[in-house]
1. Percent of Cα-Cα pairs per 10 Å bin, from 0 to the last occupied bin, for chain B, please list those.
2. Any idea what angle helix A:28-50 forms with the longest principal axis of chain A, computed on alpha-carbon atoms, 0 to 90 degrees, nearest 10?
3. Ordering B:Arg306, B:Arg218, B:Arg258 by how much accessible area each has at a 1.4 Å probe, largest first, what is the list?
4. What size of dipole, in debye to the nearest 20, comes out for the protein assembly as shown about its Cα centre when the only charges are +1 on Lys and Arg C-beta atoms and -1 on Asp and Glu C-beta atoms?
5. Rounded, prolate or oblate, given the Cα gyration tensor of segment B:218-364, with a/c below 1.5 counting as rounded?
6. Across peptide A:69-77, what mean number of C-beta atoms from other chains lies inside 10 Å of a residue's C-beta?
7. For a quick check of your reading of the filter: which trypsin sites (Lys or Arg not before Pro) in segment B:48-131 sit in a DSSP loop and have no more than 13 other Cβ atoms within 10 Å?
8. For a Förster distance of 41 Å, can you work out the FRET efficiency between the beta-carbons of B:Ala161 and B:Ser136, rounded to the nearest 0.05?
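The values are calculated or read from the model by the stated rules, or taken from the named source; none is laboratory data. Treat the numbers as computed from the prediction; the structure is a model and nothing was measured. When we count neighbours, we look across all protein chains shown, and the Cβ atoms used for this are built from the backbone with ideal geometry, even at glycine. Accessible surface is based on the protein model in full, side chains and every heavy atom, while ligands, DNA and RNA are left aside. Shrake-Rupley method; radii C 1.70, N 1.55, O 1.52, S 1.80 Å.
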Amino acid sequence: MAGKILLLLIVYAVIGLADLARLRKLHSREMAVYSAALLLTVYLGIDFAWDLKWPFIEEAAFSVLGKPAEFLVKILTVPS
Amino acid sequence: MHAREQISSGQMSVVFFCFMTGSSIVNIPGPLIGYAKMGAWISLALALSTGMALLACVMYMHRRYPDLDFIEYSYALVGKWMTALLAIPFVSFLFHMTSGIVLDIGLFMTTTMMRQTPIILFLFFVFLVVALTVRSGIETMARMFFIPIVSVIGSIVAILALSYPNYKPEHLLPLMPDGIKPIALGTYFAYGFPYAELVLIAMLLPYVRKKKQGHLHRGMYLALLVNGLFLIAVTLSTIMVFGPMSEELSYSMFEVARTVDMLVVLQRIESFVGISLITASFMKASISLAALNLAVVKLFNLKDNRILVFPLTLICFLLSLLQIENGQAFWSNSVGAIHPLWATAAFVLPLLIVATVSLFRRTP
């Protein structure tokens, strides 16, 4: 877990350094979208570091499309 | 990518070919043969025809709105809120695609060549290079992709030719021992990966220089046809070499390359397949991330179209790690069963909705 957190902190530091010059020139809308994207990375980062299995797009896709996909595959599969 | 960046129609065709061929040339044949058995090449041909129809739709919209990408002409045709609604599955699927392409590289390397290496290392460095590539812009990407894709195709053609002594045409029969259902299942899989994904190219078409539009349509259809022919050739090669065992293989081209043993000197050339997969998948991931970045930028109408590249890449990196923590069976099910339906809901349906509205509008 410590290794994962350290990796994430290094990545955030590198992104901050790389984007610093651009961040200073951002308008409020761009700053808001950038912050939202970073918040999303924090959510995923916490999930990754602590292995919490929080839901995201894969789980959403499974919940919506899982059963229809399973049904489609079942009717097209020939029993062996 | 600045608004003034422009590429020629030939470069766009190459980018499209890189995207379609990408990881599919190594990843598709094995699972497809598992679904469709010896009729896998028929499934590919049927899926290719659906791809042609989708490409026709994309090119029709580009002809009507040459300066606008998918998000922009959605805004113009169906309004802000409907576009936002259509963009939710669109953007979510782009996240899934980008993370999945790079995850496939990691899985390939940890399954075949470098089994002791933690997958996170492959994911990290590939995403780093992909992010830097996308930050450099579409012009740089279009210029740099030509030589790698030529080397990928050259490697594949060489392996197909060198495997000739191992081909057993009798393995191609029986063609449909279980009827039409396995072919239909294979078509469903091949339609989802890679043909339904081609709708993404609608985000990049406005970058084609107006003066050089003349050959664009021909180039795009040719790229798709050549991609289809390569996939069919690779699938047929796998079946002829391994026969009924083909369906057990995950990375069939890698296994075909391992069987090459000519004149004592030409052996152990499977590393060329490894290089080809990584190169081709890197190009596909770059194009996918570029489209994702553009989609988010256009959705929120941002002025700086490169500021989000690193945060979006980090999201995709974390998504890759989280997907594989669910286990490889979960990931295989996600790609095999859900991916085609997800692509339909995220790419195909929004395109069809917007194209239908466009049909009823007289002037663009």
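1. All Cα pairs considered, the percentages come to 5, 25, 35, 24, 9, 2, 0.
2. So the inclination is approximately 60 degrees.
3. Values: B:Arg306 20, B:Arg218 165, B:Arg258 130 Å².
My answer, sorted largest first, is B:Arg218, B:Arg258, B:Arg306.
4. With only Lys, Arg, Asp and Glu charged at Cβ, the dipole is about 1520 debye.
5. prolate
6. Working: counts 11, 3, 1, 7, 10, 1, 3, 12, 5.
Taking the mean over all residues of the peptide, I get 6.
7. Listed in order of number, the matching sites are B:Arg115.
8. That pair, B:Ala161 with B:Ser136, gives E of 0.70.
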